[in-house]
Amino acid sequence: MSFNMDDYVDVAERIRMAKEIWPEMCLQPADPLKPYDFVEINGLHFVIYVAALFRTPNDPTPPMGVAWEQIPGTTPFTRGSELMNAETSAWGRAIIASGIPSKKIASKEEVRNRTPTVAIVRDIEPATTWESHPSGAFEPKTAPNGSPICKHGARQEKKGNKNGRDYLGYTCPQDECPPEWWVFGADAKFHPPKVK
């Protein structure tokens, strides 16, 4: 299989394009308290990075991008710089998620680095998905402001008292996802719902 590398827009160019549109833009980890994670899938080890593109300092729904790199890297281009490659790839994907046009989602480096390892991706069991992996590493759990997120961005806090009972929950900013109601524990604190 051959690739025409001229069809790919590299991450540095995507950042330049984003800066032209949003001069205050900032790329950062989706969860600053846990900017990356390490997981094992089918005996292989990966570093996973989720990036958020804040178009403005208080962007309520920053576009996100996810990337992973096998550890150790499988090519001379990735070995020893797996985390940096995952971060840069996630940045590029977050920028594309913002709507900046690109002919391809993969960067030149990703295509070059992945070409020898395509079979590895095919060997992952179908049950292992970005939404259901037990480590939870594939989807960010909170926005940079600490609020839980859904596919539409940072959820909105809802709290109060109903029938003499305090409640706390978070709702979808577009009212499309089900609300996430927290549980009031015996320790007199609210706790996130358990993942089923």
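The values are calculated or read from the model by the stated rules, or taken from the named source; none is laboratory data. If you're wondering where the values come from, they're calculated on a predicted model, not measured in any experiment. Cβ coordinates were reconstructed from backbone atoms using ideal geometry, including for glycine residues, and neighbour counts include every protein chain displayed.
Descriptive notes on the structure:
- Residue count for the stretch 1-18, restricted to those that are among the aromatic types (Phe, Trp, Tyr) and at pLDDT 60 or above: 1.
- Residue selected from the stretch 149-192 under the condition on the phi > 0 side of the Ramachandran plot and outside any strand (DSSP E or B), by the criterion surrounded by the most Cβ atoms within 10 Å (Cβ to Cβ): Asp175
- Of all residue pairs spaced 6 or more apart or on separate chains, those with beta-carbon atoms under 7 Å, a first member in the stretch 172-189 that is closer than 11 Å to Glu157 by Cα and a second member that is among the small types (Gly, Ala, Ser) and surrounded by 10 or more Cβ atoms within 10 Å (Cβ to Cβ) are Pro173/Gly153; Pro173/Ala154; Pro179/Gly169; Glu180/Gly169; Trp181/Gly169; Trp182/Gly169.
- Residue match in the stretch 129-142 (condition: at pLDDT 75 or above and surrounded by 12 or more Cβ atoms within 10 Å (Cβ to Cβ)): no
- Between Thr117, Thr56, Thr75, Thr61, the distinction of being at pLDDT below 85, surrounded by fewer than 20 Cβ atoms within 10 Å (Cβ to Cβ) and assigned to a loop (DSSP other than H, G, I, E, B) belongs to Thr75 only.
- Unmet requirement for Glu109, which otherwise passes all of (1) at pLDDT below 85; (2) part of a helix (DSSP H, G or I); (3) surrounded by fewer than 16 Cβ atoms within 10 Å (Cβ to Cβ): (3)
- Within the stretch 33-49, if we keep just the residues that are surrounded by fewer than 16 Cβ atoms within 10 Å (Cβ to Cβ) and not small (Gly, Ala, Ser), the residue that is farthest from Ala90 (Cα to Cα) turns out to be Asn42.
- Some residue of the stretch 177-184 being within 30 Å of Arg14 (Cβ to Cβ) and either over 21 Å from the mean Cα position of the chain (by Cα) or at pLDDT 80 or above (or both): yes
- Among the residues of the stretch 13-47, those that are out of contact with any Asp or Glu (no Cβ under 9 Å at 6 or more places or on another chain) and within 19 Å of Thr74 (Cβ to Cβ) comprise Phe38, Val39, Glu40, Gly43, His45.
- Boolean, Ala94 is out of contact with any His (no Cβ under 6 Å at 6 or more places or on another chain), at pLDDT 50 or above and hydrophobic (A, V, I, L, M, F, W, C): yes
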